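Single-structure report; data block below.
The values are calculated or read from the model by the stated rules, or taken from the named source; none is laboratory data. Bear in mind the structure is a predicted one, so any value in this text is a computation, not a measurement. Every residue, glycine as well, gets a Cβ built from its backbone with ideal geometry; the counts of neighbours run over all protein chains shown.
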Amino acid sequence: MINKIRIFLFMFLIINILLLSGCWDYEDINNRSITLSVGINKVDEEIIFNGEIAKLISESNKSGTSASITDTYYYSSSGKNFEEAKYDYDYKIPTVDFSGAIRAIVFSKKYAKEKGIESYINRFSFMPGFRSSVLTVISEQHTEELFKEKVVNDISTGHSIENTIRYLEKDGATIYTTVEDIRHNISFAEIGFLVPYIKREEDTIKYLGLAVIKDSKFIGAINAEDSSGILYLIIDNASSIEAIPSTENKTNFISVKTKLRKRKVTTSCKDGEIYIDIKLELDSKLIYEYIQEPISDETIKELESIIANKVKNKVVSSIERSQKEFKCDIFGFARHFKADNPVSFNTVNWTEVYPDIHFNVKVKSKIINYNFINTKVKGNNKGEAE
């Protein structure tokens, strides 16, 4: 309900901006449509644009001009290139497009894999009304399948995609990748990057994980359940929640939420070899026990070590996957190395040397709450994984 109120307020603001702009008269307003989402797909040799439009309708009355937004509707156009696809759009929808309300840009996996996303990102960046903060995602399926039917949990598919990713990003469970983020990453040619990966499941939008982009093309995906190790390396509010067996009673489990408190990355180059040291400090909260039991000082210390080791293993596994499977610096370590060792950076081909870089990961964990445990527990010790 709150999201719908926020959306309607946003649309109300857009309407008022249009109405108050002195250069837009009554007839101009009557011939404008608001694009809410853009999908880019490839079928054979043709580029397909599709998505959702909320048409702006104006009415004249005694008090002046009022406006309202009708229900969203699906659009689709095609052509051999972006310009031809846009012409096809103009032929079908004889209204002036207002792109300032776009909530999401969605590339199909097929398009991102075969054509790459750089060219459309460049196009969008020069569109009138361009907003650098527009969310960008990859869809597992054709964007027609994504947009053509309504969703039940939001006003439109575009808003549902945006609200889903924004909610997860605030909880430290994914990244919110904007057009400006992608432009910035593309400009640093030596690295890859990650984009949220979604699909339509029945009449809702489902978050699948992270799409891996290298040389602006889709090269693979990381499932949501396997992405926490990556997030601890790239976002400041990374968090994860899991059930850990009690060390005192193996049949009991403790629900633990862990959040990144501090991350430090240092790099060096010795005898032609590159070394990257990563130090993570974590805060963990014990949410509840499956079976209510007292927890001792010793158990707290053991839990802190278990948490630290779990996170370390996830981080190490994520780094190894980037080196061996993707052969791509999806974390942006190149930026750290360039800042620390500018001369050495200019003498290496980062893309070629990345799979052979030496990583050293250290993780410290501290339990910061005792909601349901023995009040005598102080928990001053820190669990460490080195």
Handout entry: Sole exception among (1) closer than 21 Å to ASP271 by Cα; (2) among the β-branched types (Val, Ile, Thr); (3) part of a helix (DSSP H, G or I) for ILE307, by number
Key = (1)
Completion exercise
Taking segment 207-240 and keeping only residues that are farther than 19 Å from LYS364 by Cβ and touching a Ser or Thr at 6+ places or on another chain (Cβ under 7 Å), one is left with TYR207, GLY209, LEU210, ILE230
Practice task
State all residues of segment 285-325 that are surrounded by 15 or more Cβ atoms within 10 Å (Cβ to Cβ), modelled with pLDDT of 95 or more and hydroxyl-bearing (Ser, Thr, Tyr); if no residue qualifies, say none.
Solution key: SER305, SER318, SER322
Problem - Looking only at segment 79-96, and only at residues there that are assigned to a loop (DSSP other than H, G, I, E, B) and modelled with pLDDT under 90, the one that is surrounded by the fewest Cβ atoms within 10 Å (Cβ to Cβ) - result: PRO94
Handout entry: Residue count, segment 120-141 (criterion: among the hydroxyl-bearing types (Ser, Thr, Tyr) and either crowded, with 18+ Cβ neighbours inside 10 Å or free of Cβ contacts under 8 Å to residues at least 40 places away in the same chain (or both))
Key = 3
Exercise for the section: Looking only at segment 133-163, count how many residues are hydroxyl-bearing (Ser, Thr, Tyr), over 15 Å from LEU194 (Cα atoms) and out of contact with any Lys or Arg (no Cβ under 8 Å at 6 or more places or on another chain). Expected result: 3
Problem - Verdict on SER187 being of a type in the set (Gly, Ala, Ser) and either in contact with a Cys (Cβ under 7 Å, 6 or more places away or on another chain) or free of Cβ contacts under 8 Å to residues at least 40 places away in the same chain (or both) - result: yes
Exercise for the section: Only residues in segment 227-247 that are closer than 28 Å to THR299 by Cβ and in the same structural domain as SER284 (by TED's automatic domain parsing) count as the first member; pair them with residues that are aromatic (Phe, Trp, Tyr) and not in a helix (DSSP H, G or I), Cβ under 6 angstrom, at least 6 apart or cross-chain, and list the lot. Expected result: ALA243/PHE253; PRO245/PHE253
Exercise for the section: Filter segment 199-235 down to the residues that are crowded, with 23+ Cβ neighbours inside 10 Å and of a type in the set (Phe, Trp, Tyr), then identify the one that is farthest from VAL151 (Cα to Cα). Expected result: TYR232
Handout entry: Pair list, Cβ < 8 Å and 6+ apart or interchain, from segment 147-163 residues that are surrounded by 19 or more Cβ atoms within 10 Å (Cβ to Cβ) and modelled with pLDDT of 90 or more to residues that are part of a loop (DSSP other than H, G, I, E, B) and of a type in the set (Val, Ile, Thr)
Key = THR157/VAL151; GLY158/ILE102; SER160/VAL151
Problem - Complete set of residues in segment 262-282 that are surrounded by 15 or more Cβ atoms within 10 Å (Cβ to Cβ), out of contact with any Leu (no Cβ under 6 Å at 6 or more places or on another chain) and of a type in the set (Lys, Arg) - result: LYS279
Exercise for the section: Looking only at segment 167-198, count how many residues are surrounded by 16 or more Cβ atoms within 10 Å (Cβ to Cβ) and of a type in the set (Lys, Arg). Expected result: 0
Practice task
Determine whether segment 67-75 contains at least one residue that is more than 27 Å from the chain's Cα centre (by Cα), surrounded by 14 or more Cβ atoms within 10 Å (Cβ to Cβ) and modelled with pLDDT under 95.
Solution key: yes
Exercise for the section: Check off (1) surrounded by fewer than 16 Cβ atoms within 10 Å (Cβ to Cβ); (2) assigned to a strand (DSSP E or B); (3) at pLDDT 95 or above for GLU242 and give me the number that stays unchecked. Expected result: (3)
Problem - Matching option when the condition is loosely packed, with under 15 Cβ neighbours inside 10 Å, over 30 Å from ASN346 (Cα atoms) and either among the small types (Gly, Ala, Ser) or not assigned by TED's automatic domain parsing to the domain that holds ILE165 (or both), among THR258, THR251 - result: THR251
